[in-house]
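> Got a structure for you, written out below as structure tokens; questions coming shortly.
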Amino acid sequence: MKKVTPIGQRKSDHIRINLEENVRSGLSTGLEKYRFVHQALPEIDLEAVDTRLTLFGRALQAPVLISSMTGGTTEAARLNRNLARAAQAHGVALGVGSQRAAVEHPELAATFRVRQEAPDILLFANLGAVQLNYGYTADHCRRAVAMIEADALILHLNPLQEALQPEGDTRFSGLVAKIEKVCRALEVPVVVKEVGWGISEKAARMLAEAGVAAIDVAGAGGTSWSQVEMHRAATSMQRRLAASFIDWGIPTAESLLAVRRAVPEIPVFASGGLRTGIDIAKSIALGATLGGMAGRLLRAAAESDKAAAETLHLIIQELRVAMFAAGAANLEALHRTPLQRVS
């Protein structure tokens, strides 16, 4: 009989492990295989470089998404507040962690509520898509959106993580049809993301046909949730099983290019191992609309809201300088900027 770990304890475990342990994928993002052609005569002024865009009705000052990370505990509430303050200060998007805990235990909702800290940002609610096979409906999704006054909903896909959790939910059959029902029923855009193993061309086509508004590839090369679950494992067998998947997944750059080929008509977000503004710039040149980051900002937010804001400022400056040195005056120009493939 499986020992069921309470959701709150699992969330606390995830925060602690991500901050204290080496949980990086054995794969690289693939972004290191690309570089910009340096332009000694960029013919633009640095102060004129424009990183602004509008997405889902919200104006962003930079194409940056603080990727979905946490919620459901006292520590998570502090982290989310610090991240929200940083997002508001710099005009970028933010996704909260899975809100299942708060949907099932309303007293935890406050740990996700950040709108007061960030009234102007593009804010994403978040639920696990697989919960649609365990009784969740479009109404549960609406509750998650309303809970935090979100602009859109992320449904995350994590079949490998669920398979490695003793308490995992692994009934993934027929899920795309239920995602389609949610897309049709919800009044806000629905984004689907992986959690660190990437989206394939096949999956991207299925999601586009289901009506999703955007896809976040969340590829391999950053945090590996198999390694997180390895550190949570209660038995030697569970640890060995989780450890086997350190090299699993589609590297972020490969997934981004595959999804862009498969569904050129919808926005694609790049996340999974992005560590700098230069990585975000490369991702946009490869076809992304936003670049998402988690680990670097989580560690900063664990220190303070000021540290999170300073880290985010550095990331945006890295992006702006990369655009300047590549001769791209705005994001549209950056989309058209070729990258060199290096061996």
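Nothing in this text is a laboratory measurement; each read-out follows from the coordinates by a stated rule. Computed from a predicted model, the values in this text were never measured in an experiment. Backbone-built Cβ (ideal geometry, glycine too); neighbour counts: all protein chains shown.
> Report ³J(HN,Hα) in whole Hz for each residue of segment 242-256, in order, from the Karplus equation J = 6.51 cos²θ - 1.76 cosθ + 1.60 where θ = phi - 60°; Gly and Pro get x.
The phi angles translate into 5, 4, 5, 9, 4, 9, 7, x, 9, x, 3, 4, 5, 5, 4 Hz.
> Would you mind pulling out the separation of the Cα centroids of segment 66-109 and segment 111-135, in Å?
After rounding, the separation between the Cα centres reads 8 Å.
> As I understand it, the value is the acute angle between the Cα axis of helix 138-148 and the longest principal axis of the Cα atoms of the chain; what does it come to in degrees, rounded to 10?
60 degrees
> Using DSSP to call loops (not H, G, I, E or B), can you name the GluC sites (Glu not before Pro) in segment 225-295 whose Cβ has at most 16 other Cβ atoms within 10 angstrom?
Working: sites: E229, E254, E265; in loops: E265.
Loop-located and lightly packed - E265.
> Can you list the residues, at least 5 places off or on another chain, whose amide H is less than 5 Å from the amide H of L55, using H built in the peptide plane?
Counting only residues 5 or more places away or on other chains, the set is L60.
> Compute the label zone of Q317 within segment 267-297: residues whose backbone N is under 13 Å from the point 7 Å along Cα-to-Cβ.
Only 277 fall inside the zone, counting backbone N under 13 Å.
> Hey, another quick one. Please check: in the Gaussian network model of the chain (C-alpha springs, under 10 Å), which one of A234, A308, A210 has the largest mean-square fluctuation.
So, out of A234, A308, A210, the one fluctuating most is A234.
> Only Cα pairs under 8 Å and at least 6 apart count here; give the relative contact order of the chain as a rounded whole percent. Don't skip to the answer; put the middle values down first.
Details: 747 pairs, mean separation 82.6, N = 343.
Averaging sequence separation for qualifying contacts and normalising by length gives 24 percent for the chain.
> Spelling out what I want: for every residue of segment 213-221, take phi, set θ = phi - 60°, compute 6.51 cos²θ - 1.76 cosθ + 1.60 (Karplus), and round to whole Hz; glycine and proline get x.
For segment 213-221, the Karplus curve yields 7, 6, 10, 9, 5, 6, x, 7, x Hz.
> State the dimensionless ratio Rg/Rh of segment 197-343 (Rg: radius of gyration of Cα atoms; Rh: Kirkwood radius).
Here the Rg-to-Rh quotient is 1.03.
> Anything over 32 Å Cα to Cα? Flag those among K202/K282; K178/K306; K33/K202; K181/K306; K193/K306, in the order listed. Each step should come with its number before you reach the end.
Working: K202/K282 24 Å; K178/K306 41 Å; K33/K202 24 Å; K181/K306 41 Å; K193/K306 29 Å.
Too far apart for the 32 Å limit: K178/K306; K181/K306.
> Right, something else. Please give me, ordered by residue number, the trypsin sites (Lys or Arg not before Pro) of segment 32-74 that lie in loop per DSSP and have at most 12 other Cβ atoms within 10 Å.
Working: sites: K33, R35, R52, R58; in loops: R52.
Qualifying residues, ordered by number: R52.
> I would also like to ask the following. Given the chain, what percent of its DSSP beta bridges are antiparallel, to the nearest 5?
Values: 7 of 33 bridges.
The antiparallel fraction comes to roughly 20 percent.
> Follow-up question, since we're still on this one. Return the FRET efficiency for the residue pair R35, T137: r is the Cβ-Cβ distance, R0 is 51 Å, and the value is rounded to the nearest 0.05.
Working: r = 47 Å, r/R0 = 0.92.
The value I calculate is 0.65.
> Now for a separate question. Roughly how many whole Å is it from the C-alpha centroid of segment 220-236 to that of segment 169-184?
Comparing the Cα centres of segment 220-236 and segment 169-184, I get a distance of 25 Å.
> Here is a further query. What full-extension length gain, to one decimal in nm, is calculated for N330 and T235 as 0.36 nm per residue of separation minus the Cα-Cα distance? Don't skip to the end; give the middle numbers.
On the way: separation 95, 0.36 × 95 = 34.20 nm, distance 5.17 nm.
Between N330 and T235, full extension yields an extra 29.0 nm.
> Once label points are set 7 Å from the Cα along Cα→Cβ at both R205 and K306, what is their separation, rounded to one decimal in nm?
5.4 nm
> What list of ³J(HN,Hα) couplings, whole Hz, do you get for segment 277-284 from phi and the Karplus terms 6.51, -1.76, 1.60, once you set θ to phi - 60° and write x for glycine and proline?
Calculated HN-Hα couplings, in order: x, 5, 4, 5, 4, 4, 4, 5 Hz.
> May I have the pair-distance distribution P(r) for the chain, computed from all Cα-Cα distances with 10 Å bins from 0 and rounded to whole percent?
Bin by bin from 0 Å, the calculated values are 6, 27, 37, 23, 6, 1, 0.
> Give the long-range amide H neighbours of G128: residues separated by 5 or more places, or on another chain, with amide H under 5 Å away, using H modelled in the peptide plane at 1.01 Å from N.
Answer set, sorted by chain and number: Q99, R100, H156.
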